[in-house]
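> Please read through the structure below; I'll follow up with questions.
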Amino acid sequence: MSRRLSVLLLSTWLMTPNLVLAEDLTPEQLARIRRAEKAAVDKVNAAHGNKKSSELSTDERRQMIREQQEAVRKVMDENGVSPKDYARQSARMGRKQNEQVAAEEKALEAKEKAAGAAKPPHEKEPGEIQVQEGFSEENPVMLDEQEGASPVVEHGLPVGEEAPSEPSVEE
């Protein structure tokens, strides 16, 4: 056997396991990658105010695209898949395989919701926050209140301060 042929066989033998691993992602792995990819892109979009690309300047649009590409690249690296192989496998999938991946995505989403519901109340993300505008007798606001202390009620001006006088107009 010639030296050239042996080098070719050796290089083919070394590359084959990587190609098999990249081409044979399970529907669960594909679903996990898709969800992570969508979350990463959504995070970048949120950082830019969830604006449409038409609302951004050319420089802002370029920056956002770069950040999205970097986020997707990071997701692919974390999952040990090359973007090229992932795109190739996604393009070759048929309807049945796409349905399997979609079902896996829904299952992962259900698992995440169940895990979020199982968290203790102090670990859950806060829900809607009520914002009170202004003060009134019906909704008093207590600032720096200490437990067990009686409420302090102040009327009028604090001691030692005078009411602000109206500005005088000098001619």
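> Give N98, N18 a once-over and let me know the one that is over 22 Å from the mean Cα position of the chain (by Cα) and at pLDDT 90 or above.
On inspection, the qualifying residue turns out to be N98.
> Every residue in the range 43-55 that is part of a helix (DSSP H, G or I) and open to solvent by 70 Å² or more (accessible area, probe 1.4 Å), please.
Of everything in the range 43-55, those that are part of a helix (DSSP H, G or I) and open to solvent by 70 Å² or more (accessible area, probe 1.4 Å) turn out to be K43, A47, S54, E55.
> Hey, could you check the range 56-87 for residues that are open to solvent by 90 Å² or more (accessible area, probe 1.4 Å), modelled with pLDDT of 90 or more and over 19 Å from the mean Cα position of the chain (by Cα) and say which is farthest from L30 (Cα to Cα)?
Result: D59.
> Look through L25, L30 and report the one residue that is surrounded by 13 or more Cβ atoms within 10 Å (Cβ to Cβ) and assigned to a loop (DSSP other than H, G, I, E, B).
L25
> Taking L10 and the conditions (1) of a type outside the set (S, T, Y); (2) at pLDDT below 90; (3) over 29 Å from A103 (Cα atoms); (4) surrounded by 11 or more Cβ atoms within 10 Å (Cβ to Cβ), which numbered condition does it fall short on, given that it satisfies the others?
Against the list (1) of a type outside the set (S, T, Y); (2) at pLDDT below 90; (3) over 29 Å from A103 (Cα atoms); (4) surrounded by 11 or more Cβ atoms within 10 Å (Cβ to Cβ), L10 comes up short only on (4).
The values are calculated or read from the model by the stated rules, or taken from the named source; none is laboratory data. Predicted, not measured: the structure shown is a model, and the values here were computed from it. Virtual Cβ from ideal backbone geometry, glycine too; neighbours counted across all protein chains shown. The protein model used for the area step is the full one, side chains on, heavy atoms only, and it has no ligands, DNA or RNA in it. Shrake-Rupley method; radii C 1.70, N 1.55, O 1.52, S 1.80 Å.
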